[in-house]
Amino acid sequence: MSDFLDKIVTVKRRVIAETMTRTSLDTVRTRARARREFRSLATALAAPGVRVIAEIKRASPSRGPIRPGLDPAALARAYAAGGAAAVSVLTERDHFQGSDDDLMTARAAMTLPVLRKDFVLDAYQVYEAAAIGADAVLLIVRILDDPTLANLYALALELGLDPLVEVFSDDDAARARRLKPRLIGINNRDLRFFGTSTGNAPRLAGSFAEGTIVVAASGIRNRADIDAAQAAGIRCFLVGESLVRAQDPAAHLASLLRGGGA
């Protein structure tokens with residue numbers, strides 16, 4: 001099987017280099033440090049009850065286009081109306097058809113915190129996330145060595161961003177614990193081959209310190225998936241494809257939060 005993650009990272013390194021020739025690190029750093037207004041993802045997820053980060057996602061490498069003609073502003077507003085705690089925007093261009101414009105458009109349309117979901121490999125991207133208006137940034141453990149992971153985590157906090165540290169395996173979890181992170185995302189999807197098992201997040205959730213906010217991501221399609229994860233102590237979820245594909249995303253989200261619907 002193809003290793004999707006390796007291919008994505010290879011392309012992303014090239015894209016970062018190309019982007020830096022158009023907009024210098026100094027320019028992006030200056031814009032990031034001038035930022036003053038942030039919406040706290042950690043605070044939004046710490047509120048009581050089931051909390052959902054609702055994702056804006058145009059396509060995936062395994063499934064292709066998900067919602068042709070997707071309107072980021074309209075979808076962000078629907079998520080807010082449906083009770084989302086926050087919005088995630090996939091900004092990766094080459095495999096997910098996302099863009100920074102999608103994030104900026106979504107954030108301007110409502111008042112929830114916004115997570116920039118991308119394949120972050122370099123400090124440039126953390127500065128860029130702050131500069132374009134993200135409130136939080138995803139750090140995927142398995143694509144970063146330990147020093148880089150620690151440096152990017154510290155930089156995100158310094159800039160006022162909430163870092164969501166994503167793990168998939170036991171080894172990822174062990175490495176992530178060294179950071180003592182407040183926010184952990186446990187991916188049910190193996191990004192190498194895009195296979196999904198909703199049992200992965202419950203399996204790993206108990207390995208993190210009490211007080212850590214654990215977010216289960218991928219494969220969450222109905223209230224039964226949420227109830228199963230709650231049995232393992234998880235009450236925060238990142239939900240993407242099932243919401244994007246829904247005819248009425250706000251209603252589908254509301255059904256996930258209250259139960260009684262798929």
Item to check | Shape of region 104-156, Cα gyration tensor, a/c cut at 1.5 | outcome: prolate
Checklist entry - For residue 24 and residue 231, what is the calculated FRET efficiency with R₀ set at 51 Å and r taken between the beta-carbons, to the nearest 0.05? => result 0.55
Next on the checklist: Using Cβ counts within 10 Å as a stand-in for footprinting exposure, how do 95, 252 rank, fewest first?
Outcome noted: 95, 252
Next on the checklist: If a paramagnetic tag sat 7 Å from the Cα of residue 42 along the Cα-Cβ line, which residues of region 121-156 would have the backbone N under 13 Å from that point?
Outcome noted: 136-137, 153-156
Item to check | Cα-based convex hull volume of region 141-209 per residue, rounded to whole Å³ | outcome: 83 Å³
Checklist outcome for this item: Across 219, 83, 199, the residue with the highest GNM fluctuation in the chain (Cα network, 10 Å cutoff) is 199
Checklist outcome for this item: Note: residue 101 to residue 148 extended length (0.36 nm per residue) minus current alpha-carbon separation gives 14.2 nm
Checklist entry - From the residues 62, 244, 121, which one has its Cα farthest along the dipole of the chain in the positive direction, the dipole being from +1 and -1 charges on Cβ of Lys/Arg and Asp/Glu about the Cα centre? => result 244
Checklist outcome for this item: Exposure-ranked with fewest Cβ neighbours within 10 Å first, 186, 220 stand as 220, 186
Checklist entry - Kirkwood Rh, region 5-118, all Cα pairs: how many Å? => result 15.5 Å
Checklist entry - Sequence-distant or interchain residues sharing an amide H contact under 5 Å with residue 238, placed H: which? => result 53, 216, 217, 218
Checklist entry - What size of dipole, in debye to the nearest 20, comes out for region 1-126 about its Cα centre when the only charges are +1 on Lys and Arg C-beta atoms and -1 on Asp and Glu C-beta atoms? => result 260 debye
Checklist entry - Taking the mean number of other Cβ atoms within 10 Å as a proxy for protection, how do you rank 32-38, 9-15 from highest to lowest? => result 9-15, 32-38
Next on the checklist: What's the ranking of 103-111, 58-66 by average number of surrounding C-beta atoms within 10 Å, highest first?
Outcome noted: 103-111, 58-66
Item to check | Positive-pole candidate from 17, 201, 82, dipole of the chain, charges at beta carbon | outcome: 82
Checklist entry - What does the convex hull of the alpha-carbon atoms of region 79-176 project to on average, in nm²? => result 6.6 nm²
Item to check | Farthest toward positive dipole pole in region 4-258 [+1 Lys/Arg, -1 Asp/Glu at C-beta], among 104, 191, 212 | outcome: 104
Item to check | Lys, Arg +1 and Asp, Glu -1 on Cβ, resulting dipole of region 4-258 about Cα centre, debye, nearest 20 | outcome: 240 debye
Checklist entry - If you place +1 on the Cβ of every Lys and Arg, -1 on the Cβ of every Asp and Glu, and leave all else neutral, what size is the dipole of region 113-262 about its Cα centre, to the nearest 20 Debye? => result 420 debye
Checklist outcome for this item: Checking rank on 162-168, 124-130, with mean other Cβ inside 10 Å and highest first, the result is 162-168, 124-130
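Values in this text are rule-based calculations from the coordinates and carry no lab data. Everything numeric in this text was worked out from a predicted model, so none of it was measured. Methodologically, a virtual Cβ is constructed for each residue, glycine included, from the backbone with ideal geometry; neighbour enumeration extends over all protein chains shown.
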